[in-house]
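Enquirer: The structure follows.
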Amino acid sequence: TEAVDGVAWIIMNRPAKLNALLPEMHEALAEAFDAFAADDSLHVAVLTGAGDRAFCAGSDLAAFDAGRPYPASGYGGLAQRYDLPKPVIAMVNGLALGGGFELALACDMIVANEEAVFGLPEPKVGLFAIGGGIHRLVRQAGLKQAMGPLLTGRNIPASEGMAMGFVSDIAPANDLRARVEELCAQIIANAPLAVRLTKALAMWGLDQPTLAHAMAHQKDHPLFDPWWQAEDTAEGPRAFAEKRKPAWKGK
């Protein structure tokens, strides 16, 4: 892990094995995301893989241990982490297969290089995507778009992922990190509590029965009152009126 200018960089570091996950890596990732969630100086996390061949090729089946459960926060410490309001960006620098694709889908945005490839090939070895990939791909790409890759296990190029709607942006390989750094800077320039409330409401709203219900009850969200009463919520309009940059305090 690295912390740079308010960004937590969380790097899966087995490049010789395409960053395939060992059981202990799930615990390490859970700890990294726990630390990110608890550190008020960190506003965005970037999840990526070491090297230039892969983001993550999923679980290392040679070390697969069916008796060892995943962390409480799910596959890779992220797949079932539903209470993290800070943004998480997947910087996909190559293959994102199986659990690797599931981790990318669990992030709020996916920025990929032009050579990136995604897929859930689990049915080819008698398994299924247990880490949320099925449910997230159907929700993010739509049922009819998702079912082909889900049922065949075929790979999805980055350009197709962009067309399907689960890839946020595509950059040349030599420009990928700079593109992600710029995106992080744009997010961090905003009021931290407003960013967190925005993400929380977007996720919460998807679970509400109707649009009308979501709009009528968004003030009931537990992050609404802290935002409403925050110093930053008064600072933003004041800075706009005074024609200066706001000085965010995150409170």
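Enquirer: What tally of residues in segment 93-108 results from selecting those that are touching a strand residue (DSSP E or B) at 6+ places or on another chain (Cβ under 7 Å), within 24 Å of V125 (Cα to Cα) and not in a strand (DSSP E or B)? Can you show your working first?
Expert: Step one: list which residues in segment 93-108 are touching a strand residue (DSSP E or B) at 6+ places or on another chain (Cβ under 7 Å), which gives 93-101, 103-104, 107-108.
The next check asks that each one be within 24 Å of V125 (Cα to Cα); those that pass are 94-101, 103-104.
Within this subset, residues satisfying the condition of being not in a strand (DSSP E or B) are 94, 98-101, 103-104.
Adding up the residues that qualify gives 7.
Enquirer: Still on this structure, please answer the following. For segment 130-173, name all the residues that are more than 24 Å from C184 (Cα to Cα), in contact with a Lys or Arg (Cβ under 9 Å, 6 or more places away or on another chain), of a type in the set (A, V, I, L, M, F, W, C) and not in a helix (DSSP H, G or I).
Expert: None - no residue of segment 130-173 is more than 24 Å from C184 (Cα to Cα), in contact with a Lys or Arg (Cβ under 9 Å, 6 or more places away or on another chain), of a type in the set (A, V, I, L, M, F, W, C) and not in a helix (DSSP H, G or I), so the list stays empty.
Enquirer: Out of (1) within 28 Å of W248 (Cβ to Cβ); (2) in contact (Cβ under 8 Å) with a residue 12 or more places away in the chain, what's the single condition that is false for A38?
Expert: (2)
Enquirer: Determine the pairs where a residue that is over 23 Å from A72 (Cα atoms), located within segment 1-27, has a partner that is at pLDDT below 95 and open to solvent by less than 80 Å² (accessible area, probe 1.4 Å) with Cβ atoms under 6 Å apart, the partner being 6 or more residues away or on another chain.
Expert: none
Enquirer: A further question on this structure: Residue check, D83 against (1) in contact with a helix residue (DSSP H, G or I) (Cβ under 6 Å, 6 or more places away or on another chain); (2) closer than 27 Å to L183 by Cα; (3) open to solvent by 70 Å² or more (accessible area, probe 1.4 Å); (4) not hydrophobic (A, V, I, L, M, F, W, C), all met but one. Which one?
Expert: That leaves (1) as the condition not met.
Enquirer: Any chance you could count how many residues in segment 33-56 are over 14 Å from the mean Cα position of the chain (by Cα) and crowded, with 24+ Cβ neighbours inside 10 Å?
Expert: Number satisfying all stated conditions: 1.
Enquirer: Of the residues A90, A72, which single one is of a type in the set (G, A, S) and in a strand (DSSP E or B)? Steps first, please.
Expert: On the way: A72 fails: in a strand (DSSP E or B).
From the options A90, A72, the qualifying one is A90.
Enquirer: Any residue in segment 220-227 that is touching a residue at least 40 places away in the same chain (Cβ under 8 Å), surrounded by 15 or more Cβ atoms within 10 Å (Cβ to Cβ) and closer than 18 Å to R81 by Cα?
Expert: Going through segment 220-227, the residues touching a residue at least 40 places away in the same chain (Cβ under 8 Å) turn out to be 223.
Checking which are surrounded by 15 or more Cβ atoms within 10 Å (Cβ to Cβ) leaves us with 223.
From what's left, closer than 18 Å to R81 by Cα: 223.
So far as segment 220-227 goes, yes, one or more of its residues are touching a residue at least 40 places away in the same chain (Cβ under 8 Å), surrounded by 15 or more Cβ atoms within 10 Å (Cβ to Cβ) and closer than 18 Å to R81 by Cα.
Enquirer: Shifting gears a bit: Can you tell me which residues in segment 170-204 are farther than 19 Å from G250 by Cα, open to solvent by 50 Å² or more (accessible area, probe 1.4 Å) and of a type outside the set (G, A, S)?
Expert: N174, D175, R177, R179, E181, E182, M203, W204 - these are the residues of segment 170-204 that are farther than 19 Å from G250 by Cα, open to solvent by 50 Å² or more (accessible area, probe 1.4 Å) and of a type outside the set (G, A, S).
Enquirer: Quick one: is V92 closer than 25 Å to D34 by Cα, touching an Asp or Glu at 6+ places or on another chain (Cβ under 6 Å), open to solvent by less than 10 Å² (accessible area, probe 1.4 Å) and at pLDDT 95 or above? It would help to see each step written out before you state the result.
Expert: On the way: closer than 25 Å to D34 by Cα: yes; touching an Asp or Glu at 6+ places or on another chain (Cβ under 6 Å): no; open to solvent by less than 10 Å² (accessible area, probe 1.4 Å): yes; at pLDDT 95 or above: yes.
No: the conditions fail for V92.
Enquirer: So for segment 51-61 (the condition being of a type in the set (G, A, S), without any contact (Cβ under 8 Å) to a residue 40 or more places away in the chain and farther than 24 Å from E181 by Cβ), does at least one residue qualify? Before you say what the answer is, go through the steps one by one.
Expert: Filtering segment 51-61 down to residues of a type in the set (G, A, S) leaves 51, 54, 57-59.
From what's left, without any contact (Cβ under 8 Å) to a residue 40 or more places away in the chain: none.
Scanning segment 51-61 turns up no residue that is of a type in the set (G, A, S), without any contact (Cβ under 8 Å) to a residue 40 or more places away in the chain and farther than 24 Å from E181 by Cβ.
Enquirer: Another question, if that's okay. Residue check, V111 against (1) assigned to a helix (DSSP H, G or I); (2) of a type outside the set (K, R); (3) within 24 Å of A45 (Cβ to Cβ), all met but one. Which one?
Expert: So V111 meets the others, but not (1).
The values are calculated or read from the model by the stated rules, or taken from the named source; none is laboratory data. Since this is a predicted model, take the numbers as computed values, not measurements. Cβ coordinates were reconstructed from backbone atoms using ideal geometry, including for glycine residues, and neighbour counts include every protein chain displayed. Just the protein is used for accessible areas: all its heavy atoms, side chains included, with ligands, DNA and RNA removed. Shrake-Rupley method; radii C 1.70, N 1.55, O 1.52, S 1.80 Å.
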